[in-house]
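Accompanying notes for the structure given below.
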Amino acid sequence: VVVSNRGPISFAVDDSGALTTRRGGGGLVSTFGSALYGTGAMWFAGALSDADRLAAAKGAVDAEGYRVELLALDPDLYRGYYDVICNGTLWFVHHGLWDVPRRPRFDRHWWPAWDDYESVNRAFAERVAADAPDDAVVLVHDYHLCLVAGHLRDARPDLTVVHFHHTPFAGPDAMRLLPDRVGRRLLEGLAAHDACGFHDPRWRSAFQASCEAADVTAPTTFVAPAAVDVNSIEAVARSNDCAGALARLEAEVGDRMLIVRVDRMELSKNILRGFLAFDELLELHPDVRGRVVFGAFVYPSREGLAEYQAYRLEIENLVARVNARWATSDWTPILFEPDDDFPRSIAALRRYDVLLVNPVRDGLNLVAKEGAIINERDGVLALSRESGVAGELGGLALGVHPFDVSGTAEVLHRALTMSPADRVAHAAALRAASTARAPIDWFNDQLEAAERR
Ligand code: G6P
């Protein structure tokens, strides 16, 4: 049994009013890859749209190789849980994103949302308790659902419940930003699992340290970095959509070098400092002016949050400023592509000379691995030491200190000027490290954690 906020399929209503399904947009379904596909596993998820809610009323559906049960929750309740607590509070605390003179504010508007979080977690637990097969292993995913296991403990002691946290984890100092009873409730909720997993040893240590500081007995923990489903990404790379996008990109870039980033327009991804570093690169290294394009394939995310709307505006203004400063009649330095177009993102990953992955903090970052696997030009990876994937690729990539804009500019210059022979060796090592694990390994790590119960 898998339990997550975003499920493997989403529904739409077609012109004739009939419900149609498509594979969900979330990263989790691609992370499970073929490991879970067709196993008959049950997947419980939230109904995220009106069409999802219509589908939820029809009960469980078999689609895309899973038996999916969507929970229809009151939209206002869901908004408090998802926008205010999951995205506006837990995401911020685990990624260290708060601008503390202003945020967080736990006020009369926030507390009802915390009650919504409790209610949604309870609703998920009640549904799992009612429908999960006897003695099932239940894999609960991410910060949305920290309190599910606590409820299941009482209702269904036959179940083995494993949690996997896809984000970094806040250490004790960051956890202290949360109201005491909330921090404790989250840690106790996680401790109610038979095991808790993380992508990187740093996030596991932070979780353990936070438990210790709060005097909560930590559960068994494990570290299991997720992997790329190579077959599925290669299929996209071979598709006509990807070929068309690559041809259009080639036409724009020509024989110039290409720096690429592929990200959600997300505060933790550090998009502004990436452009500031590019600006500094152009200022300090006249040799690369006119010879390099920065392709930013960044698609909108969580637009319901004011912080994300403001961030997008800031990004757009900065792109305009850098382009206005350096563009010539035949060269636009930053190619800004703000739509969600997966085949085009894959085309960019095939074509890059340098891939910039510079998050301020990131649970893992699969783009770094995807790029290493499908890039066709022995491209160089410039990787933030604060990404979870630095545990696997950090020793091979050029390291980026995400707050050091000048340092990032220098890393970009080193990457652009690396010798062809060094590029070949660099790319081969990254490709090997990025394919060392498959989705099935990640899945089995979770099952093994369950078996150690
Ligand atoms: C990213 C994170 C996951 C998180 C997901 C939620 O992929 O790495 O930890 O679960 O975002 O995204 P959503 O769009 O569903 O809020």
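Key figures for this structure:
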read-out	value
Segment 10-31 - residue that is assigned to a helix (DSSP H, G or I) and farther than 20 Å from A60 by Cα and, of those, nearest to the ligand (Cβ to nearest atom)	G27
Near pairs, Cβ below 7 angstrom, 6+ apart or cross-chain, from segment 408-429 (modelled with pLDDT of 95 or more) to any residue that is among the basic types (K, R) and surrounded by 15 or more Cβ atoms within 10 Å (Cβ to Cβ)	T408/R273
Filtered residues of segment 426-453 (kept if in contact with an Asp or Glu (Cβ under 9 Å, 6 or more places away or on another chain), more than 17 Å from T220 (Cα to Cα) and open to solvent by less than 60 Å² (accessible area, probe 1.4 Å))	H426, A427, A428, A433, S434, R437, A438, P439
Tally, over segment 385-407, of residues that are in contact (Cβ under 8 Å) with a residue 12 or more places away in the chain, of a type outside the set (G, A, S) and not in a helix (DSSP H, G or I)	9
Of the criteria (1) within 16 Å of the ligand (Cβ to nearest atom); (2) open to solvent by 10 Å² or more (accessible area, probe 1.4 Å), which one A224 fails	(2)
Among the residues listed as V120, V138, the single one being hydrophobic (A, V, I, L, M, F, W, C) and under 15 Å from A41 (Cβ atoms)	V138
Verdict on F403 being of a type in the set (F, W, Y), modelled with pLDDT of 95 or more and either touching a Cys at 6+ places or on another chain (Cβ under 6 Å) or open to solvent by 30 Å² or more (accessible area, probe 1.4 Å) (or both)	yes
Some residue of segment 233-241 being polar (S, T, N, Q) and in a helix (DSSP H, G or I)	yes
Subset of segment 255-275 (residues that are more than 14 Å from Y308 (Cα to Cα) and either open to solvent by less than 10 Å² (accessible area, probe 1.4 Å) or in contact with a strand residue (DSSP E or B) (Cβ under 8 Å, 6 or more places away or on another chain) (or both))	R256, M257, L258, I259, V260, R261, V262, G274, F275
Positions within segment 340-364 being away from the ligand (no atom under 16 Å from the Cβ) and surrounded by fewer than 18 Cβ atoms within 10 Å (Cβ to Cβ), in sequence order	D341, P343
Yes/no for T417 being of a type in the set (V, I, T), under 20 Å from V230 (Cα atoms), out of contact with any Cys (no Cβ under 9 Å at 6 or more places or on another chain) and surrounded by fewer than 22 Cβ atoms within 10 Å (Cβ to Cβ)	no
Test: residue in segment 94-116 that is within 16 Å of the ligand (Cβ to nearest atom), open to solvent by less than 50 Å² (accessible area, probe 1.4 Å) and out of contact with any Phe, Trp or Tyr (no Cβ under 9 Å at 6 or more places or on another chain)	yes
Which numbered condition F169 misses (of (1) open to solvent by 20 Å² or more (accessible area, probe 1.4 Å); (2) within 16 Å of the ligand (Cβ to nearest atom); (3) of a type outside the set (D, E))	(1)
Residue within segment 205-215 that is within 16 Å of the ligand (Cβ to nearest atom) and under 25 Å from the mean Cα position of the chain (by Cα) present	yes
Segment 218-267, residues that are among the acidic types (D, E) and over 22 Å from V380 (Cα atoms)	D241, E266
Filter result for F44 (outside any helix (DSSP H, G or I) and either within 27 Å of D441 (Cβ to Cβ) or open to solvent by less than 20 Å² (accessible area, probe 1.4 Å) (or both))	yes
Single match in N375, N358 (criterion: polar (S, T, N, Q) and touching a strand residue (DSSP E or B) at 6+ places or on another chain (Cβ under 6 Å))	N358
Check on V367, buried (at least 21 other Cβ atoms within 10 Å of the Cβ) and under 19 Å from G295 (Cα atoms)	yes
Residue list for segment 251-282, filter: part of a helix (DSSP H, G or I), closer than 17 Å to T332 by Cβ and in contact with a helix residue (DSSP H, G or I) (Cβ under 9 Å, 6 or more places away or on another chain)	V253, G274, F275, F278, D279, L281, L282
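Residues checked against (1) in contact with a helix residue (DSSP H, G or I) (Cβ under 8 Å, 6 or more places away or on another chain); (2) open to solvent by less than 40 Å² (accessible area, probe 1.4 Å); (3) under 30 Å from L267 (Cα atoms); (4) within 16 Å of the ligand (Cβ to nearest atom):
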{"site": "G40", "(1), (2), (3), (4)": "no, no, no, no"}
{"site": "D50", "(1), (2), (3), (4)": "no, no, yes, no"}
{"site": "G59", "(1), (2), (3), (4)": "no, yes, no, no"}
{"site": "D62", "(1), (2), (3), (4)": "no, no, no, no"}
{"site": "L70", "(1), (2), (3), (4)": "yes, yes, yes, yes"}
{"site": "Y78", "(1), (2), (3), (4)": "yes, yes, yes, yes"}
{"site": "W91", "(1), (2), (3), (4)": "yes, yes, yes, yes"}
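The values are calculated or read from the model by the stated rules, or taken from the named source; none is laboratory data. Quick caveat, the model's predicted, so the values are computed rather than measured. As a convention, Cβ positions derive from the backbone with ideal geometry for all residues, glycine included, and neighbour counts pool all protein chains shown. Side chains included, ligands, DNA and RNA excluded: accessible areas come from the protein's heavy atoms. Shrake-Rupley method; radii C 1.70, N 1.55, O 1.52, S 1.80 Å.
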